[in-house]
Each structure stands twice: as C-alpha cells, then as structure tokens.
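Only one structure is covered here, and it is reproduced in the block below.
The values are calculated or read from the model by the stated rules, or taken from the named source; none is laboratory data. Please read these numbers as outputs of a predicted model, since none were measured by experiment. Accessible surface areas use protein heavy atoms only, side chains included; no ligands, DNA or RNA. Shrake-Rupley method; radii C 1.70, N 1.55, O 1.52, S 1.80 Å.
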Amino acid sequence: TLKEEEKQRRRELEQQLHRAQSMETIGLMAGGVAHDLNNILSGIVSYPDFLLLQLPKESSLRKPLITIKESGERAAQVVADLLAGAREIIDLNDLIDKFLASPELLKIKENYPAILIEKDLEVGLFNLSAAPGNLQKCLLNLILNAAEAINGPGRI
C-alpha cells in the first residue's frame with residue numbers, strides 16, 4: 001500500500017540521516033586526533049634539526065637523526081591529509097601526468113636507468129573523490145615495486 005511505502009521510505013531516510021550524522025561525528029573525532037598528533041609530531045620533526053646543527057658533520061648520529069626527521073615529516077603529511085579532509089575531486093589522468101613529472105619519479109628513473117616508464121591513459125574518465133597525496137603514494141609504491149622486481153632492463 002501507499003502508506004506502507006511511505007513508512008518504508010521514511011525509515012530509509014532516517015537511516016541515511018543517522019549514517020550521515022555518524023560520519024560527521026567520526027570526522028570531528030578524527031580531526032581532533034589529527035590535531036593532537038600534529039602537535040606531537042612537531043617535536044619529532046624539529047628536534048632532529050636542532051641536534052643536527054650541533055653535531056659535527058662526521059658524527060655517526062647524523063644519519064639516524066635524518067631518518068627520524070624524514071619519518072616524522074611523512075607522518076605529518078598523513079596527519080595533514082587527515083586534517084584537510086584529504087578528499088578532493090581529481091582528474092586521474094592529470095594526477096598521473098603530474099606524478100610522472102615529479103622528483104620522486106625522477107629519482108626512480110635515476111636509480112633504475114635500464115627501465116622505461118610509459119603511460120597509456122584512458123580518455124574521458126569520470127573524476128574521483130579521493131586524497132591526491134594517497135593516490136600519489138600508491139603510484140610511487142607501484143612503480144618502485146615494479147622497478148625493484150625487474151631484474152635488468154624492462155618496461156613499466
């Protein structure tokens with residue numbers, strides 16, 4: 001009956017509203033956690049710089065301190081993505097083109113000069129709602145893993 005259909009539709013709308021409110025609450029909580037983590041990470045990123053200024057260039061502690069600093073910076077970027085909501089409308093082809101011109105990919109090409117990296121993009125794709133930093137990290141990992149798996153000359 002029409003009345004039953006209306007009740008069912010109302011229940012569905014109430015469930016959608018409840019899910020939306022739950023997602024909003026999770027987002028607020030994640031933002032608070034991200035803010036707290038960012039405060040903690042600021043020390044992990046800044047103190048190594050301070051210590052590096054005081055150490056002699058030949059100190060064996062320089063490399064571990066630089067590693068700590070770089071790890072802190074990567075963690076801070078993850079937190080920054082979380083704080084920013086991280087989701088944007090993205091044209092995947094544009095993102096791939098930008099990545100293929102990035103310093104990270106140039107470094108892979110330097111380390112694996114016998115490997116050719118090609119692209120074959122699909123025209124007319126729909127845009128994505130995604131975190132561009134995370135997609136770029138995925139591309140980096142995929143290409144780096146492929147380069148490491150190729151023993152000698154090859155193509156990605």
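A probe of 1.4 angstrom, applied to the heavy atoms of all protein chains, finds HIS18 with accessible area near 120 square angstrom.
Residues whose amide H falls under 5 Å from that of ALA131, counting only those 5 or more places apart or on a different chain, are GLU88, with hydrogens built in the peptide plane. Applying the Karplus relation 6.51 cos²θ - 1.76 cosθ + 1.60 with θ = phi - 60° to region 55-66 yields 3J(HN,Hα) values of 8, x, 4, 8, 4, 6, 7, 4, 4, x, 5, 5 Hz, where x marks Gly and Pro. A quarter of the convex hull surface defined by the alpha-carbon atoms of the chain gives 15.2 nm² as the mean projection. Contact order, relative form, for the chain: 22 percent (alpha carbon pairs under 8 Å, 6 or more residues apart, mean separation divided by residue count).
In summary, the aspartates and glutamates within cross-link reach of LYS57, defined as a Cα separation below 17 angstrom excluding same-chain residues under 8 places away, comprise ASP49. Only Cα sites of region 106-156 enter the Debye sum here, all with the same form factor; the resulting log10 I(q)/I(0) across q = 0.15, 0.22 1/Å is -0.51, -0.88, listed in q order.
Proximity of backbone amide H atoms, modeled 1.01 Å from N, is registered between ILE156 and LEU116, ILE117, GLU118 at under 5 Å, excluding neighbours fewer than 5 places apart on the same chain. For the chain, the 222 nm mean residue ellipticity estimated from helices alone, with every DSSP H stretch of n ≥ 4 adding -39500 (n - 2.57) and the total spread over all residues, rounds to -25000 deg cm²/dmol.
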